[in-house]
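Notes follow once the structure below has been shown.
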Amino acid sequence: MTSPKWILSAAMLAMSAMPAFADTQTEEYVRSNANDVLASLNEPGLNGDERRAKFQTYMDEFTNLDAVAKFVIGKYAKRFSEEEMDAYLTTFRTYALAVYEFYFHEYRGRDVKVTGSTDRNARDSIVDTEIVRADGQELEVRWRVLNRGGKYQVVDVALNAEGNLIWLAIEQQAQFLSILDQNNGSVDALIAKIESMTDDLVAQRPEEAS
Amino acid sequence: MIALSACATTAEDTSPTTVYDPLEGWNRGVYAFNEGVDKAILEPTAKGYRAVTNEPMRGGVSNFLTNLNQPVVFANTVLQGKPIAAVDTAARFVLNTTVGVAGVFDVATMIDIPEHREDFGQTLGVWGVPNGPYLMLPIAGPSNLRDAAGLGVNAALNPLNYAEFEGDTEFRIATGVLGAVSARESLIESIDVLRDQPEPYIALRRNYTQQRAAAIRDGREQEDPFKDLPDFDDYDFGDEDEFESQE
């Protein structure tokens, strides 16, 4: 006969094992996808547009850009009309991909090593990684991964700057909210700003990435 | 979302999303003024300085200026109760001033005596004094009430600011100008990145505040760095059924 004590012990064991299990899966998710993303920027056989298309496919799989787009406009996510939101999401997506492509360029083809992870809860984890650039400089990157119904997606990335964790989406939210607040919540003003930043990024794109 | 709204209404806090800036209108004006002065004078001077010097020369200048400030660092390590840092700083000053030829060569680092960066604003922070309102100072740039008050004490802690010797005024003016040019030169890339941000004023305000908090912790990460991360549940995957709160 099964005793209640045994059931309790088994349940506790299962519960204690859960975070470790989530960690392993989340860590592997980040390791595999981050490496794919960086590898996609380093395929000499492809031209710039082909590489970019591949990079964008991986990024769409790896990250939840719509969630990030809505997060960075905070309270305004519920104030934009459907049309405004569609226009904003399209503009943001182009901008975000240009930003990631620009900053990941220096790390293209490099190996992403997982160095640890923390489960904030069963659906929200932080995976710590290290990327060594071609010039030997090490970059500590942390990835915030949400697990929604077994589907993992990255929603924010943090860089460690002398003991400061700079979360990119949180920084972007502070700046976007300020732009919207100063322009009476005008989606057009925000879109115009984002488009001009995208144009700047494209103009600064390294020659080998064009 | 609730957490974010709550942050916005708190008078002064150190949450990831807010900086206490009740003088924002005034500060933005000073920031615009500083940008004008920078673009007209400081930036071109810094770029010119970079063009006519090489890295070892600039390193020597930076070492020399850093060494001049070591009495201030020493006093603050003592005030913060950090005896090891105080001994390191005293040893660095003696060694670099003598063997390092008035501080131009950083001999101390070559033999692994670590450099510490302390000022009175940090000391006040270690003593538990809060930031106070964010302040944009003319020319000097981002600060807050605590750190601005600390600037005056730093000046008082540096014997070179009141020691009398032949050519003392000229020496103080020359090192002041050199310090400004050297500091601006080291920030050329960072300020370019800042200017590329969607809202540089906000980016600088947040970056300054976070950097100072980290400096007060001596570069250590926060004890629980993920505790205050905002929720994404109001924004993500669009499938309401999947986002019911865990609580």
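The values are calculated or read from the model by the stated rules, or taken from the named source; none is laboratory data. Source: prediction; values computed, not measured. Note that we place each Cβ from the backbone using ideal geometry, even for glycine, and neighbour counts take in every protein chain shown.
Summary table below
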{"read-out": "Candidates B:87, B:94, B:61, B:78 - the one that is at pLDDT 95 or above, under 22 Å from residue B:182 (Cβ atoms) and among the β-branched types (Val, Ile, Thr)", "value": "B:61"}
{"read-out": "Residue that is under 23 Å from residue B:67 (Cβ atoms) and among the charged types (D, E, K, R), where the choices are B:189, B:185", "value": "B:185"}
{"read-out": "Some residue of segment A:191-198 being modelled with pLDDT under 95 and within 30 Å of residue A:128 (Cα to Cα)", "value": "yes"}
{"read-out": "Complete set of residues in segment A:95-110 that are crowded, with 17+ Cβ neighbours inside 10 Å, away from chain B (no Cβ under 11 Å) and of a type outside the set (Lys, Arg)", "value": "A:96, A:97, A:98, A:100, A:101, A:104, A:107"}
{"read-out": "Residue list for segment A:166-193, restricted to those being small (Gly, Ala, Ser) and either in a helix (DSSP H, G or I) or within 8 Å of another protein chain (Cβ to nearest Cβ) (or both)", "value": "A:169, A:174, A:178, A:189, A:192"}
{"read-out": "Restricting segment A:154-165 to residues that are in contact with a strand residue (DSSP E or B) (Cβ under 6 Å, 6 or more places away or on another chain) and at the interface with chain B (Cβ under 9 Å from one of its Cβ atoms), the residue that is modelled with the lowest pLDDT", "value": "A:160"}
{"read-out": "Qualifying residue in segment A:169-177 (condition: in contact with a strand residue (DSSP E or B) (Cβ under 6 Å, 6 or more places away or on another chain), in contact (Cβ under 8 Å) with a residue 12 or more places away in the chain and surrounded by 15 or more Cβ atoms within 10 Å (Cβ to Cβ))", "value": "yes"}
{"read-out": "Filtered residue count, segment A:128-140, keeping only those that are more than 14 Å from chain B (Cβ to nearest Cβ), in a strand (DSSP E or B) and not polar (S, T, N, Q)", "value": "5"}
{"read-out": "Failed item in (1) polar (S, T, N, Q); (2) at pLDDT 95 or above; (3) farther than 25 Å from residue B:76 by Cα, with residue B:182 passing the rest", "value": "(3)"}
{"read-out": "Matching residues in segment A:42-85 - criterion: being within 14 Å of another protein chain (Cβ to nearest Cβ), exposed (fewer than 15 other Cβ atoms within 10 Å of the Cβ) and assigned to a helix (DSSP H, G or I)", "value": "A:60, A:61, A:78, A:82"}
{"read-out": "Qualifying residue in segment B:3-23 (condition: modelled with pLDDT under 95, more than 21 Å from residue B:144 (Cα to Cα) and polar (S, T, N, Q))", "value": "yes"}
{"read-out": "Residue check, residue B:173 β-branched (Val, Ile, Thr) and touching a residue at least 12 places away in the same chain (Cβ under 8 Å)", "value": "no"}
{"read-out": "Those residues of segment B:112-149 which are in a helix (DSSP H, G or I) and either among the basic types (Lys, Arg) or out of contact with any strand residue (DSSP E or B) (no Cβ under 9 Å at 6 or more places or on another chain) (or both), in sequence order", "value": "B:120, B:122, B:123, B:124, B:125, B:126, B:146, B:149"}
{"read-out": "Some residue of segment B:168-189 being out of contact with any Gly (no Cβ under 6 Å at 6 or more places or on another chain) and on the phi > 0 side of the Ramachandran plot", "value": "no"}
{"read-out": "Residue, farthest from residue A:34 (Cα to Cα), within segment A:84-117, restricted to residues that are among the acidic types (Asp, Glu) and either in contact with a strand residue (DSSP E or B) (Cβ under 8 Å, 6 or more places away or on another chain) or without any contact (Cβ under 8 Å) to a residue 12 or more places away in the chain (or both)", "value": "A:86"}
